[in-house]
Amino acid sequence: MPFLRERLVKIVTRALRLVVSIFVAPILVALTAVPDTVLADPVMGESRDHSEALNGVVEGRYILLMRHAIAPGFGDPADFQINDCRTQRNLSQEGRDQAAAIGRFLKQHGIKSATVLSSQWCRCLETARLLDVGEVEELPALNSFFQQPDVRQDRIEAMQRWLIDYRGSSPTILVTHQVNITALTNYYPASGEVVVIQPPTKDRPLSVISTIK
């Protein structure tokens with residue numbers, strides 16, 4: 001009986017975690033991620049012409065905002081340490097393959113070299129490196145705030161300032177997390193999804209030009 005009871009508890013616990021990850025988590029993220037700022041109400045572009053959108057990236061008019069590739073699970077372990085990948089949720093082999101495939105897709109569309117900036121989370125850094133289109137530089141403003149609500153607003157505002165100051169003339173790729181992308185665009189990206197954006201100015205909000213899965 002104790003053995004059966006233990007197995008039953010494990011099954012119920014797993015089922016509850018699955019329900020939370022599928023149904024509850026997206027609602028919580030949506031409620032906590034969207035700021036009341038200049039970037040909170042972007043114009044959603046109608047274009048799905050990836051060639052046109054990616055040409056804009058090549059010219060520096062648009063930026064690629066990418067969610068890290070597939071990393072099974074939800075959030076990060078309680079003992080998370082930013083400098084220790086063993087304490088984090090990391091890419092699966094499927095995620096690594098996905099990141100490499102996205103890199104090949106970008107190269108096929110003229111983005112063979114780019115400025116690549118990434119969150120300091122290991123799953124983002126690995127995604128960025130596997131794109132294989134440029135040296136990866138860490139940008140703390142891209143770090144997740146999902147389990148750190150006290151830094152949420154500061155992090156969003158730092159990213160907003162970076163985007164408003166952006167003066168690019170060549171491809172730029174930002175690899176980050178779902179909550180960060182949702183906060184900036186009001187769009188919920190899938191793992192590995194790329195959102196093509198037109199950076200904001202002081203007088204014009206951020207625009208989503210296209211999304212690429």
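The values are calculated or read from the model by the stated rules, or taken from the named source; none is laboratory data. From a predicted model like this one, the values you see are computed outputs, not experimental measurements. Glycine also receives a Cβ, built like all others from the backbone with ideal geometry; neighbour counts cover every protein chain displayed.
Is there a residue being farther than 30 Å from GLN108 by Cβ and in a helix (DSSP H, G or I) anywhere in the range 191-206?
Here is the first cut: in the range 191-206, the residues farther than 30 Å from GLN108 by Cβ are 201-205.
Okay, now just the ones that are also in a helix (DSSP H, G or I), so none.
Among the residues of the range 191-206, not one is farther than 30 Å from GLN108 by Cβ and in a helix (DSSP H, G or I), which makes the answer no.
Can you tell me how many residues in the range 140-155 are touching a residue at least 40 places away in the same chain (Cβ under 8 Å) and part of a helix (DSSP H, G or I)?
Final tally of qualifying residues: 3.
Going by what's in this entry, would ALA158 be described as outside any loop (DSSP other than H, G, I, E, B), surrounded by fewer than 22 Cβ atoms within 10 Å (Cβ to Cβ) and at pLDDT 95 or above?
Working: outside any loop (DSSP other than H, G, I, E, B): yes; surrounded by fewer than 22 Cβ atoms within 10 Å (Cβ to Cβ): yes; at pLDDT 95 or above: yes.
So ALA158 passes the test.
Answer yes or no as to whether GLU126 is touching a Lys or Arg at 6+ places or on another chain (Cβ under 8 Å), part of a helix (DSSP H, G or I) and within 20 Å of GLN178 (Cα to Cα). Give the steps one after another, and end with the answer.
Numbers: touching a Lys or Arg at 6+ places or on another chain (Cβ under 8 Å): yes; part of a helix (DSSP H, G or I): yes; within 20 Å of GLN178 (Cα to Cα): yes.
In short, yes.
On the given criteria, is GLU137 in a strand (DSSP E or B), surrounded by fewer than 20 Cβ atoms within 10 Å (Cβ to Cβ) and either of a type in the set (S, T, N, Q) or without any contact (Cβ under 8 Å) to a residue 40 or more places away in the chain (or both)? Step through it out loud before you land on a result.
Details: in a strand (DSSP E or B): yes; surrounded by fewer than 20 Cβ atoms within 10 Å (Cβ to Cβ): yes; either of a type in the set (S, T, N, Q) or without any contact (Cβ under 8 Å) to a residue 40 or more places away in the chain (or both): yes.
When the stated conditions are applied, GLU137 passes them.
Name the residues in the range 103-132 that are modelled with pLDDT of 95 or more and in contact with a Leu (Cβ under 6 Å, 6 or more places away or on another chain), would you?
Listed by number, the residues that qualify are GLY103, LEU117, SER118, SER119, ARG123, GLU126.
Just to verify a result, which residue in the range 71-122, among those that are in contact with a helix residue (DSSP H, G or I) (Cβ under 6 Å, 6 or more places away or on another chain) and part of a strand (DSSP E or B), is surrounded by the most Cβ atoms within 10 Å (Cβ to Cβ)?
Among those that are in contact with a helix residue (DSSP H, G or I) (Cβ under 6 Å, 6 or more places away or on another chain) and part of a strand (DSSP E or B), it is SER118.
Only one of these conditions is not met by LEU174: (1) more than 17 Å from ALA141 (Cα to Cα); (2) crowded, with 18+ Cβ neighbours inside 10 Å; (3) of a type outside the set (Asp, Glu). Which number is it?
So the condition that LEU174 fails would be (1).
Would the range 139-154 turn up any residue that is modelled with pLDDT of 95 or more, under 24 Å from ILE102 (Cβ atoms), touching a Lys or Arg at 6+ places or on another chain (Cβ under 9 Å) and among the aliphatic types (A, V, I, L, M)?
The answer is yes, given that some residue of the range 139-154 is modelled with pLDDT of 95 or more, under 24 Å from ILE102 (Cβ atoms), touching a Lys or Arg at 6+ places or on another chain (Cβ under 9 Å) and among the aliphatic types (A, V, I, L, M).
How about the range 61-97: which of its residues are touching a Pro at 6+ places or on another chain (Cβ under 7 Å), within 19 Å of VAL194 (Cα to Cα) and either without any contact (Cβ under 8 Å) to a residue 60 or more places away in the chain or of a type in the set (Gly, Ala, Ser) (or both)?
Within the range 61-97, just SER92 meets the criteria.
Please work out if LEU174 is of a type in the set (A, V, I, L, M, F, W, C), outside any strand (DSSP E or B) and either within 15 Å of CYS124 (Cα to Cα) or in contact (Cβ under 8 Å) with a residue 24 or more places away in the chain (or both).
Numbers: of a type in the set (A, V, I, L, M, F, W, C): yes; outside any strand (DSSP E or B): no; either within 15 Å of CYS124 (Cα to Cα) or in contact (Cβ under 8 Å) with a residue 24 or more places away in the chain (or both): yes.
No: the conditions fail for LEU174.
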